[in-house]
1. Taking into account only those residues within the stretch 88-122 that are open to solvent by less than 20 Å² (accessible area, probe 1.4 Å) and more than 15 Å from the ligand (Cβ to nearest atom), which is farthest from LYS159 (Cα to Cα)?
2. For the stretch 165-277, which fully contained helices (runs of 4 or more DSSP H) count at least 3 residues that are touching a residue at least 60 places away in the same chain (Cβ under 8 Å) and within 16 Å of the ligand (Cβ to nearest atom)?
3. When the stretch 68-81 is examined, which residues are found to be surrounded by fewer than 20 Cβ atoms within 10 Å (Cβ to Cβ), assigned to a helix (DSSP H, G or I) and of a type in the set (Gly, Ala, Ser)?
4. Do we have GLY154 as buried (at least 20 other Cβ atoms within 10 Å of the Cβ) and in a loop (DSSP other than H, G, I, E, B) here?
5. Restricting the stretch 299-318 to residues that are hydrophobic (A, V, I, L, M, F, W, C) and either assigned to a loop (DSSP other than H, G, I, E, B) or in contact (Cβ under 8 Å) with a residue 60 or more places away in the chain (or both), which is nearest to LEU200 (Cα to Cα)?
6. For TYR228, are the conditions met, namely being more than 21 Å from LEU209 (Cβ to Cβ) and not hydrophobic (A, V, I, L, M, F, W, C)?
7. Given (1) closer than 20 Å to THR162 by Cα; (2) part of a loop (DSSP other than H, G, I, E, B), where does ILE20 come up short, assuming only one miss?
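The values are calculated or read from the model by the stated rules, or taken from the named source; none is laboratory data. A quick note: this is a predicted structure, and the numbers were derived from the prediction, not measured. Because the Cβ atoms are built from the backbone with ideal geometry, glycine has one as well, and the counts that use them run over all protein chains shown. We work out accessible area using only protein heavy atoms, side chains counted, and drop any ligands, DNA or RNA first. Shrake-Rupley method; radii C 1.70, N 1.55, O 1.52, S 1.80 Å.
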Amino acid sequence: DRGEYRHFMQKEIFEQPVAISRTLHERLPLDGAPLALGREVLDLLQAARAIRILACGTSYHAGLTAAYWFEAMAGLPCRVEVASEFRYRTTQPLPGELVIAISQSGETADTLAAVHDARERGFAGILAICNVDESSLVRSADASLLTHAGPEIGVASTKAFTTQLVALALLVLALAERQGPRPELRQALRSLPAQVEQILAADQAIEALSALFADKQHALFLGRGIHYPIALEGALKLKEISYIHAEGYPAGELKHGPLALVNEEMPVIAVAPNDALLEKLRSNLEEVRARGGQLIVFGEEGAVDGDGIRVHSMPPCHAFISPMLYIVPLQLLSYHVAVLKGTDVDRPRNLAKSVTVE
Ligand code: M6R
């Protein structure tokens, strides 16, 4: 039931605060007690010496994002692979390398086959992050962490993505807390539902931006560091439902090729949170501006300014949760562009919700 919403995708975007609260519920004790992720999950994590993430599509982007956390906050080497590529490669596990397989449906054929292969190749264990209990993935894993996003009907994945990130953040937090309590990280996660709510409240301003895309054929999404995968996910959302060709790039790669595409016809969307890379990003964006590209920047007040740049201002936030926040306006933007273009938002052409064949 879509309730008051025009499309399932829209409903699912707006459900994110509730979905995230469910993912966190009971796993993040208020009294500072250890995270309640289940004995089996914790045992797999404690034994891990390295991590290999396997997934497809949006779930792959969640994995790419989490790799930054695993490396920086848990000190573990982490590689992320598209499941359909992993299964046809001859890659060897590192000693103690744990597989984390991520899937909304738990029925994606390539992800299931990659997990099967990983087992045969002697990886240390399989941990599933999944939205569907009793799914094939959950049944074939050694342990799983359910995302509890609730049913996702729209083909374009939204609340599944943010709740996957929250589940991954809980895993990273459990590892980081081996060195001692991290109350500030716990607090940041607890504040997430309210912060997402605040971003959703700016929906009308984002809808107004969608007009810029109505007659465009292409768009470029830029990010740096952990927000590079967020740029990739923003581009995937736009191409899936509005059929505009969109690419995500790490902003530092601009001069290595994509800058050649930039002219007055090219909208460039930048994910620009107030982090250590903002200064670098600013100079990348200056190059876009100098070539007449239409810049749309998501960042804090005053993050980037200059003639002709449209800044959608985002509330200040803790760095740990910023990927989960910065994807939300990109989801809303794609949604409004698709509505404006009159596409079948919930069932875009040529796509299936769950890809159960290779
Ligand atoms: O159910 P899964 O998470 O395994 O699905 C993976 C992809 O097929 C899925 O994320 C797809 O890319 C979505 N349509 C993206 O919005």
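1. THR91
2. Details: elements: 183-190, 192-200, 203-210, 228-242.
Of the helices (runs of 4 or more DSSP H) lying wholly inside the stretch 165-277, those with at least 3 residues that are touching a residue at least 60 places away in the same chain (Cβ under 8 Å) and within 16 Å of the ligand (Cβ to nearest atom) span 228-242.
3. Across the stretch 68-81, the qualifying residue is only ALA72.
4. Details: buried (at least 20 other Cβ atoms within 10 Å of the Cβ): yes; in a loop (DSSP other than H, G, I, E, B): yes.
Yes: the conditions hold for GLY154.
5. Narrowing the stretch 299-318 to residues hydrophobic (A, V, I, L, M, F, W, C): 303-304, 309, 311, 314, 317.
Narrowing the set further to residues that are either assigned to a loop (DSSP other than H, G, I, E, B) or in contact (Cβ under 8 Å) with a residue 60 or more places away in the chain (or both) leaves 303-304, 309, 314, 317.
Working: ALA303: 20, VAL304: 22, ILE309: 22, MET314: 11, CYS317: 15 Å.
Only one residue tops the list, namely MET314.
6. Numbers: more than 21 Å from LEU209 (Cβ to Cβ): yes; not hydrophobic (A, V, I, L, M, F, W, C): yes.
It is true that TYR228 is more than 21 Å from LEU209 (Cβ to Cβ) and not hydrophobic (A, V, I, L, M, F, W, C).
7. Among (1) closer than 20 Å to THR162 by Cα; (2) part of a loop (DSSP other than H, G, I, E, B), ILE20 violates only (2).
For (1) at pLDDT below 95; (2) crowded, with 19+ Cβ neighbours inside 10 Å, each residue gets a yes or a no:
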| residue | (1), (2) |
| --- | --- |
| TYR5 | no, no |
| GLU12 | no, yes |
| ASP31 | yes, no |
| GLN46 | no, no |
